[in-house]
Amino acid sequence: MGFDSGEGLPTTRDVRDLHYVWPAGSFQMDWPALEKRLAGRAQLILGNISETGSDWQPPADAPLGAVLFDLDLYTSTRDALPLLTKSNVLPRVWCYFDDIFGDNPEMALTDFIGEGAAVREFNDHPDRSILRDNVSPARIFDGMMSEAWHQKMYIYHRLSHPQYEICLSEDMHQLRLIA
Ligand SMILES: C[S@@+](CC[C@H](N)C(=O)[O-])C[C@H]1O[C@@H](n2cnc3c(N)ncnc32)[C@H](O)[C@@H]1O
């Protein structure tokens, strides 16, 4: 499942949208070419995420366990993050934020602008947090060369999810004292 305007970056007025980096209309979509690549149940919903996101009815048979955010702008990411409160979203969810930091010096990204600001605002709620995962990246990428994008992986904890507290371990944890 993907969401995109289909018309590139929207025109916005919010100063936190990094207009000094990305002009409106950037990243035009080649829809005919892209459509041919959509396989199986893959679906692309076109339109501004501020409307398509709230209208979207999640399919009950498709639990959502990972979301890749690449909307560039503060306002667009802010408007997309409520997707994480939909009914099919699992208690803990991988999130990738493409522009939470970058290698472009003119971006000068902080949590005050762009995607970082949207995440910070979303986290201002007792029920939820999107934070860098301090454990799993080391395991998942074990044996692989560390790459910059690994550091853009976050994890969303949804504390009010009815299954959040279900224990995933089948055994008791016990450490034996060796005599
Ligand atoms: C850097 S491009 C990434 C496109 C795609 N993920 C890729 O890697 O080819 C950013 C995309 O975000 C989309 N976008 C930004 N703001 C949006 C919004 N408010 N609603 C829908 N799409 C938006 C743009 O249309 C653009 O295609």
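Here are a few things to note about the model shown:
- Per-residue packing, averaged as other Cβ atoms within 10 Å, sorts the ranges 158-165, 62-69 into the order 62-69, 158-165, beginning with the highest.
- Computed over the chain: relative contact order in percent, which uses C-alpha pairs under 8 Å that are six or more apart: 20
- Helix-only CD estimate at 222 nm, as mean residue ellipticity for the chain, using -39500 (n - 2.57) per DSSP H run (n ≥ 4): -5000 deg cm²/dmol
- Cα gyration tensor shape for region 20-75, rounded if a/c is under 1.5, else prolate or oblate: oblate
- Charge context of Gly47, other residues only, Cβ under 11 angstrom, K/R +1, D/E -1: -4
- Amide H contacts of Tyr96 (H built 1.01 Å from N, under 5 Å, at least 5 apart or other chain): Val67, Leu68, Phe69, Tyr154
- Cα shape, region 2-158, gyration tensor, a/c 1.5 rule: rounded
- Ranked Cys95, Cys167, criterion: other C-beta atoms within 10 Å, fewest first: Cys167, Cys95
- For region 57-115, the list of trypsin sites (Lys or Arg not before Pro) that fall in a loop by DSSP and count at most 13 other C-beta atoms within 10 angstrom reads Lys86.
Only the coordinates and a few stated rules stand behind these numbers; no lab work does. All values derive from a computational prediction rather than experimental measurement. Cβ atoms come from the backbone with ideal geometry, glycine included; neighbour counts cover every protein chain shown.
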